[in-house]
Amino acid sequence: MLSVLKNRVYRHLLAAQVVALVGTGLATVALGLLAFDLAGDAAGMVLGTALTIKMVAYVVIAPLAAAIAERLDRRKMLVTLDLVRAAVAVCLPFVTEIWQIYVLIFLLQSASAGFTPAFQATIPDVLTDEQDYTKALSLSRLAYDLESLLSPVLAAALLLLISFDNLFWGTSLGFVASAILVVSVALPSPKPTIRSGIYDRTTRGIRIYLGTRRLRGLLALTWTAASISAMVIVNTVVVVRAELGLSESAVAVALAGYGGGSMLAAFALPSLLNRFKDRSVMLVGASFGTFSMAVAAGLFASTQMTLWGLVALWAGAGFGYSATLTPSGRLLTRTARPEDRPAIFAAQFTLSHACWLMLYPLAGWLMTSKGTEQALIWMTVAALMGIIVAPLIWPRSTQKTAPGEHANKP
């Protein structure tokens with residue numbers, strides 16, 4: 001898997017992703033502490049609102065950013081958005097009102113909504129061999145998982161030396177370092193051969209996406225993955241603290257199980273995708289993650305759940321989540337011409353976050369109003385919906401098509 005690091009351009013891009021992720025992880029910890037400092041016991045509502053603003057920015061801004069991006073030099077655009085994110089992060093230590101958090105979060109996440117799809121669309125242009133690209137997808141997944149595990153530890157260590165608001169300076173430095181790494185390499189920037197209006201450019205990615213059977217199937221499986229992750233991310237603290245009656249450190253252990261399962265899938269996927277079709281791997285992954293949640297529901301119903309049982313099942317959920325979503329970049333790359341990739345990656349970014357925008361509050365409402373067992377049951381049902389729909393709209397007989405053969409094709 002590490003052989004792709006021989007490519008200097010990709011090596012710099014991966015390093016840019018890692019330092020930006022570390023900065024984002026520090027901001028996540030600092031934002032929670034800032035919310036508590038300003039709102040006290042209402043901090044949960046502040047963070048919930050901030051998360052909703054983040055998702056709305058992702059859903060609304062990503063297609064618009066993709067429409068503008070195809071007329072711009074990709075490297076300049078990525079560097080500019082990194083610097084915008086750094087500037088916003090610098091402002092966060094000076095916040096004194098809750099509304100200021102909301103404004104800055106919207107600006108920060110709007111810049112990320114433009115940056116992330118364009119960045120993701122650049123990787124297959126740099127690594128044109130599919131096996132190399134598959135390894136890059138696994139490394140990217142691994143970077144996300146390591147960040148979720150290590151950033152809180154780094155933040156805790158830094159908080160022994162500095163106040164929480166200084167963590168935002170680390171966030172800003174991460175984005176600046178990312179910009180420096182991006183500007184240090186030449187990036188491909190394919191331009192469309194046919195000029196079109198802003199409406200066509202804004203909607204083209206979603207029209208291509210929804211006009212392609214394999215991508216409609218991907219969207220169904222994305223719904224399944226979002227159902228799994230929403231249950232874990234939103235409700236683990238309640239499950240561990242209230243249902244099992246365990247300590248705060250046990251929450252970290254349970255979440256580490258989820259991240260560990262995802263990391264294991266990242267290591268296994270390059271080999272699996274060489275032996276099996278993407279569709280098969282993704283369907284099995286989605287089914288495995290959903291089965292893990294169903295077993296968890298059964299154990300809670302019989303009052304037999306333990307911390308280590310939860311860790312094992314959350315690891316299964318994490319493995320299934322990663323196995324479902326990590327190959328998505330391969331499907332998007334096969335579907336679109338190089339000049340259309342930013343638009344179609346933005347479409348996946350928008351539609352996937354629309355799933356989370358619906359499922360995050362659903363998971364929280366179910367836990368609050370129905371309890372752990374019912375929340376697990378109904379989130380499992382939601383996940384099953386995607387598994388049932390995906391094979392119907394993405395049949396096994398689908399044949400591989402050349403890039404650009406997208407509309408109403410497999």
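Points worth noting:
- Those residues of the range 5-18 which are within 22 Å of the chain's Cα centre (by Cα) and in contact (Cβ under 8 Å) with a residue 12 or more places away in the chain, in sequence order: 10, 12, 13, 14, 15, 16, 17, 18
- Of the set (1) under 15 Å from residue 205 (Cα atoms); (2) under 21 Å from the mean Cα position of the chain (by Cα), all apply to residue 338 but (2).
- Of residues in the range 299-355 being among the aliphatic types (A, V, I, L, M) and not in a helix (DSSP H, G or I), the one nearest to residue 267 (Cα to Cα): 336
- In the range 19-42, the condition of being part of a helix (DSSP H, G or I), surrounded by 21 or more Cβ atoms within 10 Å (Cβ to Cβ), more than 21 Å from the chain's Cα centre (by Cα) and not assigned by TED's automatic domain parsing to the domain that holds residue 349 is met by at least one residue.
- Considering the conditions (1) buried (at least 19 other Cβ atoms within 10 Å of the Cβ); (2) not in a helix (DSSP H, G or I), residue 113 is excluded by exactly one of them, (2).
- Among the candidates 341, 334, residue that is over 19 Å from residue 385 (Cα atoms), charged (D, E, K, R), buried (at least 22 other Cβ atoms within 10 Å of the Cβ) and touching a helix residue (DSSP H, G or I) at 6+ places or on another chain (Cβ under 9 Å): 341
- Qualifying residue in the range 299-322 (condition: touching a strand residue (DSSP E or B) at 6+ places or on another chain (Cβ under 9 Å) and hydroxyl-bearing (Ser, Thr, Tyr)): no
The values are calculated or read from the model by the stated rules, or taken from the named source; none is laboratory data. In this text the structure is predicted, and so the values were computed from the model without any measurement. With ideal geometry, Cβ positions are generated from the backbone for all residues, glycine too; neighbour counts draw on all protein chains shown.
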